[in-house]
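Working notes, beginning with the structure itself.
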Amino acid sequence: MADFSTRVSEYFELRRELEKKLPPMTVTDDVSEIRRAIRALAKEIRLARGGAKQGDIFTPTISVEFRRVLFVEMDANTWEAIMDDNPGQFSHEINGIYPEGKPYSTVPGSILAVLPTLPDDVEYRFLGRHLILLDTLANVILDRIPYAIQCANCDQDVPLHKERWRRD
């Protein structure tokens, strides 16, 4: 997990350097100004990480360890909490933008307690069974672990009310 934390810290330092190039974000009620600032930061991140690909942060070794830890923590209640507001699967390119209007899945405290702590504005999120690392300040998907979660004793079907997200 130390390798993962180092990779996340390197990304966070990159983002901090990129933020220095941009006008400082200010508190405003102007939605278009907020979107403009987010898009500007996202653009800088995507340019700086132009060759970003799956496995840059969640290396194969790290992915195996995360899957193991998640499997141990997964039970029916945790599965249900994750799937309750899970947006389901949709295209989620590395270095791409998390689609506006899509909900964010809950990451239960029991899961957060066993995963490495992340810096401000970087979060774990689930898309279906995939785990992504999301920069919430820039709305950029940093990396993913496909099929990160499974539960031996759970109803693994996405609840029917989630089907609407798949049609979007």
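The values are calculated or read from the model by the stated rules, or taken from the named source; none is laboratory data. Fair warning: this is a prediction, and the values are worked out from it, not measured in the lab. Cβ sites come from the backbone with ideal geometry, for glycine too, and all protein chains shown count toward neighbours. Ligands, DNA and RNA are stripped out before the accessible areas are found, and what is left, the full protein with its side chains, is counted by its heavy atoms. Shrake-Rupley method; radii C 1.70, N 1.55, O 1.52, S 1.80 Å.
Quick notes
- For the criterion of being under 14 Å from the mean Cα position of the chain (by Cα), open to solvent by 10 Å² or more (accessible area, probe 1.4 Å) and among the acidic types (Asp, Glu), Asp120 passes.
- Pairs linking a residue in region 84-98 that is farther than 13 Å from Ala138 by Cα to a residue that is in a helix (DSSP H, G or I) and open to solvent by less than 20 Å² (accessible area, probe 1.4 Å), with Cβ atoms under 7 Å and 6 or more positions apart or on different chains, are Asn86/Lys162; Gly88/Lys162.
- Applying the set (1) aliphatic (A, V, I, L, M); (2) open to solvent by less than 70 Å² (accessible area, probe 1.4 Å); (3) within 14 Å of Val140 (Cα to Cα) to Leu47 leaves exactly one unmet item: (2).
- Count of region 5-32 residues, restricted to those that are surrounded by 12 or more Cβ atoms within 10 Å (Cβ to Cβ) and either farther than 15 Å from Leu142 by Cβ or among the basic types (Lys, Arg) (or both), is 5.
- Checking each residue in region 145-160 for being of a type in the set (S, T, N, Q) and modelled with pLDDT of 80 or more picks out only Gln150.
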